[in-house]
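The values are calculated or read from the model by the stated rules, or taken from the named source; none is laboratory data. Being a predicted model, the structure only gives us computed values, none of them experimental. Heads up, the Cβs are rebuilt from the backbone with ideal geometry, glycines too, and the neighbour counts pull from every protein chain shown.
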């Protein structure tokens, strides 16, 4: 009787062991399958991100491949002599295409060809045109008989900067206040002294 009982126990143990091994193999295969699917999805998403062009939703019009360029330019905005602070969190990396970053409010980073300054300002909820500079809270600073909105790119005054695509080491001044040549010269000098962080 003892031998028969021992034999039955050994059979049960072997049966349990083979079932357990089969279960572990099934779990391992399922886990490997899931990891393979996750790896494939990640690889595809990475490929799509790297090859992303301007025809993706939310992309700037006429933009090239995101990451295709990395251009840096310096910007200074002075309203009635006060410097506008783009280093605040509200203005940091609002778009992957063109932005301020690393709590630096002076350096504009452009990450694709063809991205215009208007896209930067739109991403910051700031409206600009050839006459007005309008903050997100609705305060507008518009050219009138007493004050002027002026744009300068590399010391050259321009009427409008919306369609401008910043180039490496550009220096851009946006100034609003009384038409005072010495104040503009001082602001241009300040702009020239700003570090461009790469």
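Of all positions in segment 147-160, none carries a residue that is in a loop (DSSP other than H, G, I, E, B), within 14 Å of residue 73 (Cβ to Cβ), in the same structural domain as residue 101 (by TED's automatic domain parsing) and in contact (Cβ under 8 Å) with a residue 40 or more places away in the chain. All conditions but one from (1) surrounded by 13 or more Cβ atoms within 10 Å (Cβ to Cβ); (2) more than 29 Å from residue 68 (Cα to Cα) apply to residue 172; the one that does not is (2). Take the residues in segment 135-146 that are assigned to a loop (DSSP other than H, G, I, E, B) and touching a residue at least 12 places away in the same chain (Cβ under 8 Å), then tell me which one is nearest to residue 192 (Cα to Cα). So the residue we want is 143.
The residue that is nearest to the chain's Cα centre (by Cα), among those in segment 175-198 that are loosely packed, with under 12 Cβ neighbours inside 10 Å and closer than 18 Å to residue 110 by Cβ, is 198.
Identify all residues within segment 44-61 that are modelled with pLDDT of 80 or more and either in a helix (DSSP H, G or I) or touching a strand residue (DSSP E or B) at 6+ places or on another chain (Cβ under 8 Å) (or both); write none if there are none.
The one that is modelled with pLDDT of 80 or more and either in a helix (DSSP H, G or I) or touching a strand residue (DSSP E or B) at 6+ places or on another chain (Cβ under 8 Å) (or both): 60.
Listed by first and then second residue, the pairs linking a residue in segment 116-134 that is within 21 Å of residue 89 (Cβ to Cβ) to a residue that is exposed (fewer than 14 other Cβ atoms within 10 Å of the Cβ), with Cβ atoms under 7 Å apart and 6 or more places separating them unless they lie on different chains, are 125/136; 126/136; 134/140. Filter segment 105-115 down to residues that are touching a residue at least 60 places away in the same chain (Cβ under 8 Å) and outside any loop (DSSP other than H, G, I, E, B) and give me whichever is surrounded by the most Cβ atoms within 10 Å (Cβ to Cβ). Checking each candidate, the answer is 108.
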